[in-house]
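Input: a single structure, listed below in structure tokens.
The values are calculated or read from the model by the stated rules, or taken from the named source; none is laboratory data. Everything numeric here is computed off the predicted structure, so don't read it as measured data. Cβ atoms come from the backbone with ideal geometry, glycine included; neighbour counts cover every protein chain shown.
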Amino acid sequence: MKNIVLIGFMGCGKSSIGAKLAKVFQCPLIDTDQVLEEEFGCTISEFFEREGEEEFRKRETMLLERFIQKKEKMVLATGGGMPLCAENAALLKKIGTVFFLKVTPEETLARLENDTTRPLLMGEDKEKKVRKLFAERMPKYMAAADYVIETDGKSFYEIINEVETAVK
């Protein structure tokens, strides 16, 4: 089995689906946001505020370069902005099979309605921000993906089954 890499917009289910896939494939789940928070010693929101998005994206790239060296199989759940940089998108493909967990802006807004941990959605008019980010990110997610999985209205079981079918 190749490594499984999950990409997609914030709130699409990368971490929760990744945890279930790791159980199915009996391998570790590595959540890049969790790893970075441990390394930073603070939340991603705090790091963004202190160091800025550009520095955060550099740290993401450095982390991916380390994962290429890993020999053990894994499920890698990435941050929502991870594949936006062309270098990161290429690194993700070197790490494993890339699955884009596609969700609509409407579903994202419903899932993140009370979430205050997303630095890019802070402030007024969350809907406008989500729609703008979607428009910017969709082409990059599509280009980075080996497989696209529509997640709206699907159970975890249905999504996991699609991943299993693709990697067999």
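Data overview
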item	result
In segment 1-51, residue surrounded by the most Cβ atoms within 10 Å (Cβ to Cβ) [restricted to those that are of a type in the set (Asp, Glu), touching a residue at least 12 places away in the same chain (Cβ under 8 Å) and assigned to a helix (DSSP H, G or I)]	Asp33
Given (1) at pLDDT 80 or above; (2) part of a helix (DSSP H, G or I); (3) surrounded by 12 or more Cβ atoms within 10 Å (Cβ to Cβ), number of the condition Val98 does not satisfy	(2)
Residue count for segment 80-90, restricted to those that are touching a Lys or Arg at 6+ places or on another chain (Cβ under 9 Å) and either among the acidic types (Asp, Glu) or closer than 19 Å to Tyr147 by Cβ (or both)	6
Residues within segment 60-76 that are closer than 16 Å to Ala90 by Cα and surrounded by 17 or more Cβ atoms within 10 Å (Cβ to Cβ), tallied	5
Evaluation of Leu76 against (1) without any contact (Cβ under 8 Å) to a residue 60 or more places away in the chain; (2) not in a helix (DSSP H, G or I) (one fails), failing number	(1)
Which numbered condition Arg57 fails, given (1) under 20 Å from Lys140 (Cβ atoms); (2) surrounded by 21 or more Cβ atoms within 10 Å (Cβ to Cβ); (3) in contact with a Gly (Cβ under 8 Å, 6 or more places away or on another chain)	(2)
Residue match in segment 127-139 (condition: assigned to a loop (DSSP other than H, G, I, E, B), at pLDDT 80 or above and within 27 Å of Glu164 (Cα to Cα))	no
Leading residue by the ranking (surrounded by the fewest Cβ atoms within 10 Å (Cβ to Cβ)) among those in segment 101-114 that are modelled with pLDDT under 75 and within 14 Å of Lys129 (Cβ to Cβ)	Glu113
